[in-house]
Structure formats: structure tokens, C-alpha cells
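The values are calculated or read from the model by the stated rules, or taken from the named source; none is laboratory data. Here the structure is a predicted model, which is why all the values come from computation and not from measurement. Cβ placement follows ideal geometry from the backbone for every residue including glycine, while neighbour counts extend to all protein chains displayed. Heavy atoms of the whole protein, side chains included, go into the accessibility calculation; ligands, DNA and RNA do not. Shrake-Rupley method; radii C 1.70, N 1.55, O 1.52, S 1.80 Å.
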Amino acid sequence: MPRIFDFTHAILRRPGASAVKGLRAGGGPDPTFAGVAAEHAAYARALEAAGLELTVLDPLEDFPDALFVEDPALVFTAGSVLLNPGAPSRAGEAALLRPALEQHFGQVLALDEGHADGGDVLAMPDRVLIGLSARTDRIGAAALARLLVRFGLHAQVVETPSEVLHLKTACSLIDEETVLATRALAQSGIFSGYRVIEVPEGDEAGANVLRANEHLLVGAAYPAIADLLSQCGAHIVLLENREIAKIDAGFTCMSLRWRAA
Ligand code: CIR
């Protein structure tokens, strides 16, 4: 029986030079392009090492944040969904992903109202959490929940702490029974039925990790998180994300991953 983090394929998009102007919540300095490109390339290699076959799309210079392919779309074994990103500068990204999705998926559904970002969607074995955020509104979340029914998936709409960009900025699925989450999110009760490993205080920015097959990608700046997760049986891969973190990157948002049927 395949597990929800057993993936065969992923779609990524290489960063363009404009990526250094990507959105960021804290208004900090630009990353260097060389750093963003190197960290993205290392991320791609890590997914390949985890056993995924990659489709790497060309950069989109008009869309600085287009490397974060998991915000304008979602993919599942049963099909894919084009979303409607909540940041105005990212609105055009979904349409530009359509050709790649059509190559791989028989079904490409599209959000028909509201806004929703894939970063606010956590697929779990028994349900899909959709977090409300500055990017995902109630109308978009409800519209997405209706679309997911067509894939046999049950969605639950949840609140996201106001200080985080996306739901998955503050939590990640580790295995079929376990979630990593910041204390604030863990205490909100949305993970009922799961074991929750709390991110150590001060390491909240490291809560986004990525489980893919037997590998678990963790930020190199968060050894305490890697330590906590070492009990979970996955092979931990530490990845630098110093430069891409300046434009609020997480590991989950830089790829669309699925298991081909
Ligand atoms: C943005 O603000 O949209 C990008 N700079 C970062 C998006 C990261 N995506 C994610 O957390 N799902």
C-alpha cells in the first residue's frame, strides 16, 4: 500500500534572475541570484536522490516567485488543480503551469472562485487541511474543498496563525502518523489523531520540512529539528536554504510531487 509521501514524480521551475525580487514578509535584503540558484539546484538533486523523476521548467522572469510552483497548483495521484494565488503579483502563474500539468495529468481542475495557495494545503492520510491565510480566503478554501471531493479527498478548513505566511510554513507531514508543527499550531488542535512533534522555541522558521519516500529534507540551519526528527526512521538530508529563505521559501513550496498511478 503506497504511503502519502511515496512520490515518483515532481515538477520544479528554475529561478530566474528576477527571483531576487521575490515577495517577502519581513522586508529584508535581496538574496543573491547565485545563492538562490545553487540552493535550488541542490534541492532538485535531493529530490532526485530520494527517487523522484523531475520535470524542471524554465524560469519565468515576469514572475519572480514562480519557482514556488506549489502555490499556484496542487497535484495528487488522481489529478491536479490550478489554484488562484492570493498575491496579486503571482496571479498569472497558474495559467503558465497548465501545459506542464496537462502533460502529466488526465484531469486538470481549476479553482473557480476565491483565492487559495498550495502552501496552505497539507495533504494527510485521512484528510486535506486547507489553512486560511492572507493568501487563502474562505471562498477559495470552500471552492477547493469542493474540487477535492472529485478526487475522493475530504478537506477540512482551518485557521492559520496570523504571523505565518502559509499553513505549511508552520507544519509538515513527517510520516503517516506524525506531524511536525510550531507550538502555536500544535496547540490549535487541528492535528487530532496524529502524533505532533513540536518545533523547539526559536526554530519556528525551520518547521517546513519535506518528506519524500525514505528521505526527509530539513534546513541545515536547524540541527535541533533534525535531531528531533532522527527518531522517525527517515534518512535526514540537511539542505542549505539561507538565500532562498530571504524570499520566504520552504522546501514543500518548491515542487509539485505526486505518485503516478
Ligand atoms: C511568496 O511570498 O509568495 C514567495 N516569496 C514565497 C512563497 C513560499 N511558498 C510557500 O510557503 N508555500
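Okay, here's what the table says:
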{"item": "Residues (more than 16 Å from the chain's Cα centre (by Cα) and surrounded by 15 or more Cβ atoms within 10 Å (Cβ to Cβ)) located in the range 88-104", "result": "LEU96, ARG98, ALA100, LEU101, HIS104"}
{"item": "Positions within the range 239-261 being within 11 Å of the ligand (Cβ to nearest atom), open to solvent by less than 10 Å² (accessible area, probe 1.4 Å) and not in a loop (DSSP other than H, G, I, E, B), in sequence order", "result": "ILE244, ILE247, MET254"}
{"item": "Top-ranked residue of the range 12-57 - restricted to ones that are in contact with a His (Cβ under 9 Å, 6 or more places away or on another chain) and in a helix (DSSP H, G or I), ranked as nearest to GLY86 (Cα to Cα)", "result": "ALA19"}
{"item": "Cβ-Cβ under 9 Å pairs, at least 6 apart or on other chains, the range 185-200 side modelled with pLDDT under 95, far side loosely packed, with under 15 Cβ neighbours inside 10 Å", "result": "SER188/GLU159"}
{"item": "Given (1) surrounded by fewer than 16 Cβ atoms within 10 Å (Cβ to Cβ); (2) more than 25 Å from ALA110 (Cα to Cα); (3) more than 16 Å from the ligand (Cβ to nearest atom), index of the condition ILE174 fails", "result": "(1)"}
{"item": "Pairs where the first residue, in the range 50-79, is open to solvent by 30 Å² or more (accessible area, probe 1.4 Å) and the second is at pLDDT below 95, C-beta under 6 Å, 6+ apart", "result": "THR77/ALA261"}
{"item": "Sole residue being within 16 Å of the ligand (Cβ to nearest atom), modelled with pLDDT of 95 or more and open to solvent by less than 10 Å² (accessible area, probe 1.4 Å), chosen from LEU210, LEU216", "result": "LEU210"}
{"item": "Failed condition for PHE5, given (1) in contact with a Lys or Arg (Cβ under 6 Å, 6 or more places away or on another chain); (2) under 30 Å from HIS154 (Cα atoms); (3) surrounded by fewer than 19 Cβ atoms within 10 Å (Cβ to Cβ)", "result": "(3)"}
